[in-house]
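Let me begin by presenting the structure, written as structure tokens, before commenting on it.
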């Protein structure tokens, strides 16, 4: 309700200002001064153009420098190095063009402000200029687009067969993470099987589910492809791991995926950052409701040997929830007991 009153107040203020402006215009028309423009007001407007330009570029430069580390964290994945290179190449090219054109725009607004004693030059056409400002941007933009397309084609290619399979599912308001177990294969699921314990809806008629296990955080190996299988259970979410340059939406009813290779362990990044408490983070970047802010997970990157040792210590989901053995087909129960490690 408070937001409604704020919006109403803003609307009324704008309406009053417009009304005052309209009344002022009508008074000028009645007085016969409606079309008169003074040199003083023109000069003031022109000077304010320059002031605005200086403030805009000054504040933009200050903010970008002050918060640079927040929006450009150190890269920690192989494809991230390529995307960063493409990003900064594009930023430099478009940034320089933006700066030059806007400085000229504001400067010309000042230099060529209206003056009743000056006559404007009529300059309607110049073929060479048209070719120049059409051809050069076309060539540069084509180069940028093709470079980006080639990079994207590689990033979104099929994951290698040896990629570590991990499923991430989002729902209001948390992420749940499932690993493919020792067979490195995430089993099938059926949304109709979802309940308070079986959050993924794991279909236990699929033997690949027998050794699958859950973990409270995302643990991945360094130097090995990791395939994230992503889905959502209710509304739109989005998986974002900033240091890995990983970003992919989690869409209800439409599974997505993203594979990448981490190239810095958590310990290595702690040394690089000089912060012994540093952790990679997985966050949701799609506003999904009141608890959106809480959808975070710690991401831990281990050396390959450490990762395999950690993985071998994990207990399967089925061994922690043996009551679900009732959902395993009779002819697969013995295999399920062995694979899930229930008989150990």
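The values are calculated or read from the model by the stated rules, or taken from the named source; none is laboratory data. Since we're looking at a predicted model, the values are computed, not measured. Here Cβ is always computed from backbone atoms with ideal geometry, including for glycine, and neighbour counts include all displayed protein chains.
The table for this structure:
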read-out: From 235, 219, residue being within 20 Å of residue 295 (Cα to Cα) and out of contact with any strand residue (DSSP E or B) (no Cβ under 6 Å at 6 or more places or on another chain); value: 235
read-out: Sole exception among (1) surrounded by fewer than 17 Cβ atoms within 10 Å (Cβ to Cβ); (2) in a loop (DSSP other than H, G, I, E, B) for residue 270, by number; value: (2)
read-out: Matching residues, the range 269-305, being touching a residue at least 24 places away in the same chain (Cβ under 8 Å) and more than 21 Å from residue 252 (Cβ to Cβ); value: 269, 272, 273, 280, 281, 298, 299, 300, 301, 302, 303, 304
read-out: Within the range 287-323, considering residues that are touching a helix residue (DSSP H, G or I) at 6+ places or on another chain (Cβ under 6 Å) and part of a helix (DSSP H, G or I), the one surrounded by the most Cβ atoms within 10 Å (Cβ to Cβ); value: 318
read-out: Residue in the range 192-209 that is buried (at least 18 other Cβ atoms within 10 Å of the Cβ), under 23 Å from the mean Cα position of the chain (by Cα) and in a strand (DSSP E or B) present; value: no
read-out: Tally, over the range 157-175, of residues that are within 27 Å of residue 292 (Cβ to Cβ) and without any contact (Cβ under 8 Å) to a residue 12 or more places away in the chain; value: 0
read-out: Every residue from the range 229-267 that is assigned to a helix (DSSP H, G or I), over 21 Å from the mean Cα position of the chain (by Cα) and touching a residue at least 12 places away in the same chain (Cβ under 8 Å); value: 266
read-out: Pair list, Cβ < 6 Å and 6+ apart or interchain, from the range 176-202 residues that are at positive phi to residues that are at pLDDT below 95 and surrounded by fewer than 19 Cβ atoms within 10 Å (Cβ to Cβ); value: 201/190; 201/191; 201/193; 201/194
read-out: Subset of the range 252-264 (residues that are within 9 Å of residue 76 (Cβ to Cβ) and surrounded by 20 or more Cβ atoms within 10 Å (Cβ to Cβ)); value: 262, 264
read-out: Odd one out for residue 80 among (1) surrounded by 11 or more Cβ atoms within 10 Å (Cβ to Cβ); (2) out of contact with any strand residue (DSSP E or B) (no Cβ under 9 Å at 6 or more places or on another chain); (3) in a helix (DSSP H, G or I); value: (2)
read-out: Given (1) closer than 29 Å to residue 295 by Cβ; (2) free of Cβ contacts under 8 Å to residues at least 24 places away in the same chain, index of the condition residue 149 fails; value: (1)
read-out: Among the residues listed as 68, 87, the single one being exposed (fewer than 12 other Cβ atoms within 10 Å of the Cβ), without any contact (Cβ under 8 Å) to a residue 60 or more places away in the chain and either under 18 Å from the mean Cα position of the chain (by Cα) or under 27 Å from residue 281 (Cα atoms) (or both); value: 68
